Amino acid sequence: MKTRAAVFYEAGRPFEVHELDLEEPRAGEVLVGMAAVGICGTDLHSVKGEWVRPTPTVLGHEGAGVVEAVGEGVVGLREGDEVVLSWAPSCGECDDCSRGRPARCRALNRAIAASTLPDGTTGLALNGEKVHRGTATGALAERIVVSEQVALPIGEGVPLEQAALLGCAALTGVGAALFAARIEPGSSVLVVGAGGVGQFIVQGARIAGAAEIVCVDLLQARREQAVQLGATRTCAPEDLEELMKGAGLRGGVDHALDAVGDPETTNVAFRWTRNGGTCVIVGLPAAGKRLDLDPVEFVRRERVLTGTIYGSEDPAVALPVLLEHVRAGRLDLASQLGPSYPLDEINAAIEASLGGVPGRVLVRP
């Protein structure tokens, strides 16, 4: 079987679209025709050379599509089902998966580092040579074969280009607010970074009932979008101290979430976490980055600094929760869509995403 895919070779080199050999679905696997794939910050780490993993590889993990075929033993899916991809299927054996945290699965994370599927294979080849799969998925292709656990059904009523965002940005951002920070009604929240994930953190804070949601970002367009989604105050980084004092938040907020993940932005979020408050690192840093922390800040001020991966919940559990919010009108996906590009214009899509355009950049294979 064949599939066209965008192949990444190395930082600084344009993607190339090739026709690849794709193995047929094995037992427990399904073939998914991709309808839309979002360009995630995780993909951009590879593009910018901040993460170095085996290549050539097909990046992309945030996507939605339609099941075209099912392998032997698949019972939860059938041809024609609309699905969103989850890059964190449970292995069903390790401690983390048994606790409902498959994104922490060691086997999965070894696979992500090796740019393979969890079983060590890729099922992709070009001229007889192995092609790897980014984030154990490789969604920037016309069709892909994945475990049935990766393809989560979404039912009806959610357009596939919107559903694609549920696969990573929404699960990560809304989950960070609801399941990691556990924002309480009436609380105060600071969101550092208003990109794709940051906008969903803002929405998650609103859904949780936060009374004050401050959002800081370099770009005015992103700040304006955050207001539409529930932010009560926004500013550029250099104006944050003045805004916090003017808002009566001189002592900080109950919950601060860093959607960027760079040590500099994490320090901003931690600086504005009140005594006894919680700071959550949501974004993933470039390889080799380190935080410089004073332990006295933890002892004297009793603050909590923690991280979250994929929203701190099993995607199979979190997705129905998010879909309920979408169908009830509480979670807005449509406004989060940015420009859309065909697969052959993958390099234009990457440039748009690197340029910080508002909304999630989509590729439509």
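The values are calculated or read from the model by the stated rules, or taken from the named source; none is laboratory data. Fair warning: this is a prediction, and the values are worked out from it, not measured in the lab. So basically every Cβ, Gly included, is an ideal-geometry build from the backbone, and we count neighbours across all protein chains shown.
One table, with the values for the structure above:
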| quantity | calculated |
| --- | --- |
| Every residue from region 281-297 that is surrounded by fewer than 13 Cβ atoms within 10 Å (Cβ to Cβ) and in a helix (DSSP H, G or I) | Pro295, Val296 |
| Count - residues of region 120-149 that are surrounded by fewer than 20 Cβ atoms within 10 Å (Cβ to Cβ) and aliphatic (A, V, I, L, M) | 2 |
| Among residues of region 116-170, those that are in contact with a helix residue (DSSP H, G or I) (Cβ under 6 Å, 6 or more places away or on another chain) and hydroxyl-bearing (Ser, Thr, Tyr), counted | 1 |
| Qualifying helices (runs of 4 or more DSSP H) (wholly inside region 7-119; at least 1 residues being exposed (fewer than 15 other Cβ atoms within 10 Å of the Cβ)) | 95-98, 106-114 |
| Options Gly356, Gly338; residue that is in contact with a Pro (Cβ under 9 Å, 6 or more places away or on another chain) and either without any contact (Cβ under 8 Å) to a residue 12 or more places away in the chain or in the same structural domain as His61 (by TED's automatic domain parsing) (or both) | Gly338 |
| In region 314-353, residue nearest to Arg101 (Cα to Cα) [restricted to those that are touching a Lys or Arg at 6+ places or on another chain (Cβ under 9 Å) and in a strand (DSSP E or B)] | Leu337 |
| Of the criteria (1) in the same structural domain as Arg99 (by TED's automatic domain parsing); (2) farther than 30 Å from Gly155 by Cα; (3) surrounded by 20 or more Cβ atoms within 10 Å (Cβ to Cβ); (4) not aromatic (Phe, Trp, Tyr), which one Thr266 fails | (1) |
| Candidates Ser353, Ser335, Ser340, filtered to the one that is in contact with a strand residue (DSSP E or B) (Cβ under 6 Å, 6 or more places away or on another chain), surrounded by fewer than 21 Cβ atoms within 10 Å (Cβ to Cβ) and of a type outside the set (Asp, Glu) | Ser340 |
| Selection status of Leu160, closer than 28 Å to Asp262 by Cα, modelled with pLDDT of 95 or more and within 19 Å of the chain's Cα centre (by Cα) | no |
| Region 256-273, residues that are within 13 Å of Met244 (Cβ to Cβ) and touching a strand residue (DSSP E or B) at 6+ places or on another chain (Cβ under 6 Å) | Ala256, Val268, Ala269, Trp272, Thr273 |
| Breaking point among (1) modelled with pLDDT of 95 or more; (2) at negative phi; (3) in a helix (DSSP H, G or I), for Gly311 | (2) |
| Test: Gly138 is outside any strand (DSSP E or B), more than 17 Å from the chain's Cα centre (by Cα) and at positive phi | no |
